[in-house]
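Peer 1: Structure in structure tokens, see below.
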Amino acid sequence: MQGSRIKLKGKLKTFLHVFIYLGVLLALVTIAVLTVDFTAGLIVAAFALLYYMAVLYLDFYNKPIIMNELISFATEYGQIQKKLLRELDLPHALLDDSGKIVWTNLAFERAIHQEKGYHKSINTIFPTITADKYPAVDEEVHYDVTYEESSYVLKMKRISLDEMAVNSDIIDASGYEGFLIAVYLFDETALRLAINEVDSQSLAAGLIYIDNYDEALESVEEVRRSLLTALIDRKINKYIATCDGIAKKIEKDKYFVVMPKKSAQYLKEVRFDILEDVKTVNIGNEMAVTLSIGIGVDGLSYSQNYEFARNAIDLALGRGGDQAVVKTSDEIMYFGGKSQKVEKSTRVKARVKAHALKEIINGKDTVIVMGHRIGDVDSFGSSVGIYRIARTLDRKCHIVLNDVTNSMRPLVDLFKDNPEYEQDMIINNQQAIDIAGNNAVLVVVDVNKPSITECPELLKFCKSIVVLDHHRQGTEVIENATLSYVEPYASSACEMVSEILQYIDETVKIRPEEADSMYSGIMVDTNNFMNKTGVRTFEAAAFLRRNGADVTRVRKLFREDAGEYKAKADAVSQAEIYRGAYAISVCASDNLQSPTIVAAQAANELLNIKGVRASFTCTEYQNQIYVSARSIDEVNVQVIMEKLGGGGHISSAGCQFEGVTTEEAISMIKSQLDAMIEAGELT
């Protein structure tokens with residue numbers, strides 16, 4: 001009988017054996033009574049005999065019945081457990097060690113809309129759950145997954161089968177490491193919908209500035225100015241109202257905006273079309289109105305959202321206006337920025353910045369000037385201008401310059417071994433770090449991105465930092481600058497420094513070498529006064545001409561080497577016109593001292609081809625691929641380059657790639673153009 005072969009243990013075994021223990025005790029009592037009284041002992045012995053017979057009878061006949069009942073109960077209990085697990089409302093499944101489904105309960109089958117017997121891989125249901133995500137020994141993992149319209153938290157736990165294999169009569173357990181994976185699905189669809197709804201109703205803060213308020217009003221008749229103001233005001237308020245937001249005018253040209261987060265998301269989807277819509281407001285004004293918008297979302301508090309909005313509007317203005325910037329806790333998104341920055345006719349700002357710079361330099365003993373890595377003519381020319389300002393204020397000045405490119409060499413040679421200038425006028429990185437200290441001010445020119453400055457470490461050693469630049473600001477900026485003068489409308493850093501020079505001191509005297517250097521910077525950055533040239537550009541050039549700049553000398557300085565001219569011509573001749581509007585070419589860097597300069601010149605030349613809206617030239621230099629991007633007015637190449645890790649101007653930008661070939665770089669440019677065209681950012 002099967003029950004007779006089963007051995008009991010634990011409390012049940014003790015309970016059934018207690019009668020035997022009592023029988024032993026009864027035998028001892030019988031012996032004790034016999035020694036006291038023989039007759040009484042016989043009576044007790046007779047009772048003990050009957051007791052033993054009863055215990056043996058019960059053990060022989062009832063124990064099998066008890067065992068069978070226990071077996072029956074265990075079997076029914078197992079069936080009940082199986083049924084409960086099968087009908088459990090929590091979706092549950094078992095996978096083998098390859099991820100294949102071996103068992104599911106009803107709730108799991110209902111969740112995945114499959115009948116019993118579905119034995120495919122879990123990856124066919126949840127594609128994100130691959131083999132590398134299976135749990136390790138004694139590990140429980142969970143992932144967020146979606147199936148059709150439902151959202152789940154999927155938990156997996158590993159169940160080892162080693163013990164089962166050891167006790168098996170048909171499996172050789174040596175080296176066996178088999179396991180099952182228990183899978184549970186927790187439906188969080190309703191919870192996530194509720195969270196998303198609450199999140200979408202959270203408030204986003206925003207600031208809207210009218211970029212050219214005064215200039216636009218001046219371009220219209222005085223009697224119609226109030227009408228223009230009213231139309232702009234109505235356009236902004238109506239637009240924000242359609243987004244369930246509120247716009248409050250805080251100054252004549254500034255608005256504070258509050259809206260739900262979902263409305264901010266909608267504005268991103270439509271790419272802030274109010275930027276173009278507001279330009280249609282025209283009642284005779286010669287100048288179209290442009291806006292700058294800064295939105296802050298996903299902050300931990302309303303005050304943090306407002307701080308994000310302030311940072312965003314500063315970025316929008318620093319990048320030239322006519323664009324929207326959305327800032328969250330971990331990313332910044334840019335929209336618009338298709339028009340050139342409007343040049344301000346007033347020089348009040350230049351005068352204020354000049355006086356501030358003068359005060360800063362007067363408070364220090366030493367001035368250190370540096371531009372960007374792989375310096376160009378504008379970088380060096382503006383550095384020379386700062387040198388002249390420092391010397392006018394009787395302060396020691398050093399220009400940080402490590403590698404002299406072929407394009408810069410003629411200018412640098414004007415100052416080296418020149419008795420009019422100190423031997424330590426031009427120094428390297430280590431010398432600059434040794435000089436830096438509390439009594440030194442660092443002036444950064446022609447760059448506002450710390451990672452591409454000539455010596456990024458120098459920013460940590462100088463507590464007083466001044467930034468003078470004409471490039472649009474990006475996400476990466478120089479922090480804690482004592483004075484920051486970034487004007488995207490300026491043609492070049494040399495133009496800005498030339499203006500500042502005029503307000504430093506009435507007796508300032510510029511030497512011909514210095515005037516030639518700054519004039520060269522303006523010429524190169526404007527492509528001989530063809531790009532980004534405004535009234536103030538010509539005024540700065542006129543100031544330099546009056547102070548000794550010679551056009552003929554400058555032209556001779558920049559005559560090209562025959563090899564460079566041929567490389568540029570080859571790059572132009574081999575250009576590919578991608579999608580009928582984008583010229584992409586490669587500039588060979590062999591035997592060129594400044595291939596990046598030649599590539600930039602080739603990109604400028606490609607713009608002379610009819611139908612070309614933007615040009616991109618790649619060249620290999622110092623184990624990197626340098627990309628020069630240029631446009632005239634239809635395409636914002638700065639946005640394209642920013643998406644590839646670079647930056648620059650609306651019409652002049654660039655980026656660098658590491659660890660890729662020229663062909664891969666071109667492929668990345670094409671992919672980015674395709675993505676932006678499909679997203680509607682490019683037409």
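The values are calculated or read from the model by the stated rules, or taken from the named source; none is laboratory data. The structure displayed is predicted, hence computed values, not measured ones. Virtual Cβ from ideal backbone geometry, glycine too; neighbours counted across all protein chains shown.
Peer 1: Scan segment 114-143 for residues that are within 15 Å of residue 187 (Cα to Cα) and either among the aromatic types (Phe, Trp, Tyr) or without any contact (Cβ under 8 Å) to a residue 12 or more places away in the chain (or both) and report the count.
Peer 2: Residues flagged as within 15 Å of residue 187 (Cα to Cα) and either among the aromatic types (Phe, Trp, Tyr) or without any contact (Cβ under 8 Å) to a residue 12 or more places away in the chain (or both) within segment 114-143 amount to 2.
Peer 1: In segment 608-625, what residues are of a type in the set (Phe, Trp, Tyr) and surrounded by 24 or more Cβ atoms within 10 Å (Cβ to Cβ)?
Peer 2: Listed by number, the list holds a single entry, 616.
Peer 1: Residue by residue through segment 548-562, note down the ones that are more than 30 Å from residue 510 (Cβ to Cβ) and in contact with an Asp or Glu (Cβ under 9 Å, 6 or more places away or on another chain).
Peer 2: none
Peer 1: Moving to a separate point now. Which residue is surrounded by the most Cβ atoms within 10 Å (Cβ to Cβ), if the candidates are limited to segment 77-106 and must be touching a residue at least 60 places away in the same chain (Cβ under 8 Å) and farther than 15 Å from residue 129 by Cβ? Reasoning before the result, please.
Peer 2: Narrowing segment 77-106 to residues touching a residue at least 60 places away in the same chain (Cβ under 8 Å): 90-97, 99, 102.
Subsequent filtering for residues that are farther than 15 Å from residue 129 by Cβ retains 90, 92, 102.
Details: 90: 13, 92: 18, 102: 11.
Only one residue tops the list, namely 92.
Peer 1: Looking only at helices (runs of 4 or more DSSP H) that fall completely inside segment 256-336, which ones have 3 or more residues that are over 21 Å from residue 650 (Cα atoms)?
Peer 2: Result: 261-269, 302-318.
Peer 1: Step by step: first the residues of segment 478-499, then only those that are of a type in the set (Val, Ile, Thr) and within 17 Å of residue 534 (Cα to Cα), then the one that is modelled with the lowest pLDDT. Which residue is that? Can you show your working first?
Peer 2: Of all residues in segment 478-499, those of a type in the set (Val, Ile, Thr) come to 478, 482, 486, 497.
Those still in the list that are within 17 Å of residue 534 (Cα to Cα) too: 486, 497.
Values: 486: 88, 497: 95.
Within segment 478-499, the match that is modelled with the lowest pLDDT is 486.
Peer 1: Looking only at segment 626-646, count every residue that is surrounded by 22 or more Cβ atoms within 10 Å (Cβ to Cβ) and closer than 14 Å to residue 682 by Cβ and tell me the total.
Peer 2: Residues that pass the stated criteria total 9.
Peer 1: In segment 310-324, which residues are within 18 Å of the chain's Cα centre (by Cα) and over 20 Å from residue 484 (Cα atoms)?
Peer 2: To start, the set of residues in segment 310-324 that are within 18 Å of the chain's Cα centre (by Cα) comprises 311-312, 315-316, 324.
Across segment 310-324, the qualifying residue is only 324.
Peer 1: In segment 87-101, which residues are modelled with pLDDT of 85 or more and among the aliphatic types (A, V, I, L, M)?
Peer 2: Correct list: 90, 93, 94, 95, 101.
Here is a yes/no grid of residues against (1) over 22 Å from residue 511 (Cα atoms); (2) touching a Gly at 6+ places or on another chain (Cβ under 8 Å); (3) surrounded by fewer than 16 Cβ atoms within 10 Å (Cβ to Cβ):
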{"residue": "357", "(1), (2), (3)": "no, no, no"}
{"residue": "368", "(1), (2), (3)": "no, no, no"}
{"residue": "373", "(1), (2), (3)": "yes, no, no"}
{"residue": "380", "(1), (2), (3)": "no, yes, no"}
{"residue": "384", "(1), (2), (3)": "no, no, no"}
{"residue": "388", "(1), (2), (3)": "no, no, no"}
{"residue": "392", "(1), (2), (3)": "no, no, no"}
{"residue": "397", "(1), (2), (3)": "no, no, no"}
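Peer 1: Here is a further query. Of the numbered conditions (1) surrounded by fewer than 21 Cβ atoms within 10 Å (Cβ to Cβ); (2) of a type in the set (Lys, Arg); (3) part of a loop (DSSP other than H, G, I, E, B), residue 472 fails exactly one; give the number of that condition.
Peer 2: Every listed condition holds for residue 472 apart from (1).
Peer 1: Can you find a residue in segment 327-346 that is closer than 22 Å to residue 207 by Cα and modelled with pLDDT of 90 or more?
Peer 2: Within segment 327-346, one or more residues are closer than 22 Å to residue 207 by Cα and modelled with pLDDT of 90 or more.
Peer 1: Scan segment 475-490 for residues that are in contact (Cβ under 8 Å) with a residue 60 or more places away in the chain and in a strand (DSSP E or B) and report the count.
Peer 2: The qualifying residues number 3.
Peer 1: Any idea which of 302, 306 is assigned by TED's automatic domain parsing to the domain that holds residue 238, farther than 27 Å from residue 448 by Cβ and in contact (Cβ under 8 Å) with a residue 24 or more places away in the chain?
Peer 2: Values: 306 fails: farther than 27 Å from residue 448 by Cβ.
Selected residue: 302, the only one of 302, 306 that is assigned by TED's automatic domain parsing to the domain that holds residue 238, farther than 27 Å from residue 448 by Cβ and in contact (Cβ under 8 Å) with a residue 24 or more places away in the chain.
Peer 1: Same structure again: Could you check how many residues of segment 282-311 are closer than 14 Å to residue 326 by Cβ, surrounded by fewer than 20 Cβ atoms within 10 Å (Cβ to Cβ) and out of contact with any Gly (no Cβ under 8 Å at 6 or more places or on another chain)?
Peer 2: 1
Peer 1: Here is a follow-up. Could you go through segment 261-278 and let me know if any residue there is of a type in the set (Gly, Ala, Ser), more than 29 Å from residue 539 (Cβ to Cβ) and either surrounded by fewer than 20 Cβ atoms within 10 Å (Cβ to Cβ) or modelled with pLDDT under 90 (or both).
Peer 2: Step one: list which residues in segment 261-278 are of a type in the set (Gly, Ala, Ser), which gives 263-264.
Now drop any that are not more than 29 Å from residue 539 (Cβ to Cβ), which leaves 263-264.
Right, trim to either surrounded by fewer than 20 Cβ atoms within 10 Å (Cβ to Cβ) or modelled with pLDDT under 90 (or both) and you get none.
Within segment 261-278, not a single residue is of a type in the set (Gly, Ala, Ser), more than 29 Å from residue 539 (Cβ to Cβ) and either surrounded by fewer than 20 Cβ atoms within 10 Å (Cβ to Cβ) or modelled with pLDDT under 90 (or both).
Peer 1: Among (1) touching a strand residue (DSSP E or B) at 6+ places or on another chain (Cβ under 6 Å); (2) under 22 Å from residue 469 (Cα atoms), which single condition is residue 490 missing?
Peer 2: (1)
Peer 1: Also, I was wondering about something else. Please enumerate the residues belonging to segment 227-245 that are surrounded by 15 or more Cβ atoms within 10 Å (Cβ to Cβ) and either in contact with a helix residue (DSSP H, G or I) (Cβ under 8 Å, 6 or more places away or on another chain) or not assigned by TED's automatic domain parsing to the domain that holds residue 278 (or both).
Peer 2: Within segment 227-245, 228, 229, 232, 235, 236, 239, 243, 245 meet the criteria.
Peer 1: Keeping to segment 452-477, report how many residues are among the polar types (S, T, N, Q) and at pLDDT below 90.
Peer 2: Of segment 452-477, the ones among the polar types (S, T, N, Q) are 453, 464, 473, 475.
From what's left, at pLDDT below 90: 473, 475.
Matching residues across segment 452-477 total 2.
Peer 1: If you don't mind, there's one more thing I want to ask. Just checking, does segment 512-530 include any residue being touching a His at 6+ places or on another chain (Cβ under 9 Å), at pLDDT below 90 and closer than 14 Å to residue 381 by Cα? Steps first, please.
Peer 2: Restricting attention to segment 512-530, the residues satisfying the condition of being touching a His at 6+ places or on another chain (Cβ under 9 Å) are 525.
Adding the requirement that they be at pLDDT below 90 leaves 525.
Retained after the next criterion (residues that are closer than 14 Å to residue 381 by Cα): 525.
There is at least one residue in segment 512-530 that is touching a His at 6+ places or on another chain (Cβ under 9 Å), at pLDDT below 90 and closer than 14 Å to residue 381 by Cα.
Peer 1: Out of segment 7-24, which residues are farther than 16 Å from residue 54 by Cα and either at pLDDT 80 or above or part of a helix (DSSP H, G or I) (or both)? Let's see the steps before the verdict.
Peer 2: So in segment 7-24, the residues farther than 16 Å from residue 54 by Cα come out as 7-15.
Of everything in segment 7-24, those that are farther than 16 Å from residue 54 by Cα and either at pLDDT 80 or above or part of a helix (DSSP H, G or I) (or both) turn out to be 11, 12, 13, 14, 15.
Peer 1: Right, another one. How many residues, within segment 647-683, are under 17 Å from residue 596 (Cα atoms), surrounded by fewer than 21 Cβ atoms within 10 Å (Cβ to Cβ) and under 18 Å from the mean Cα position of the chain (by Cα)?
Peer 2: So the count comes out to 2.
Peer 1: Cβ-Cβ below 7 Å, separation at least six or inter-chain, first residue in segment 265-279 and under 13 Å from residue 681 (Cα atoms), second loosely packed, with under 15 Cβ neighbours inside 10 Å: which pairs?
Peer 2: Qualifying pairs under 7 Å: 268/333; 271/680.
Peer 1: Just give me the residues in segment 107-157 being charged (D, E, K, R) and either loosely packed, with under 15 Cβ neighbours inside 10 Å or farther than 25 Å from residue 82 by Cβ (or both), in sequence order.
Peer 2: Applying the first criterion (charged (D, E, K, R)) to segment 107-157 yields 109-110, 115-116, 120, 132-133, 138-140, 144, 148-149, 155, 157.
Correct list: 110, 115, 116, 120, 132, 133, 138, 139, 140, 144, 148, 149.
Peer 1: Wholly within segment 519-607, which helices (runs of 4 or more DSSP H) include no fewer than the required count, namely at least 3 residues that are crowded, with 19+ Cβ neighbours inside 10 Å and over 35 Å from the mean Cα position of the chain (by Cα)?
Peer 2: Numbers: elements: 535-546, 551-557, 562-573, 595-606.
It comes to 535-546, 562-573.
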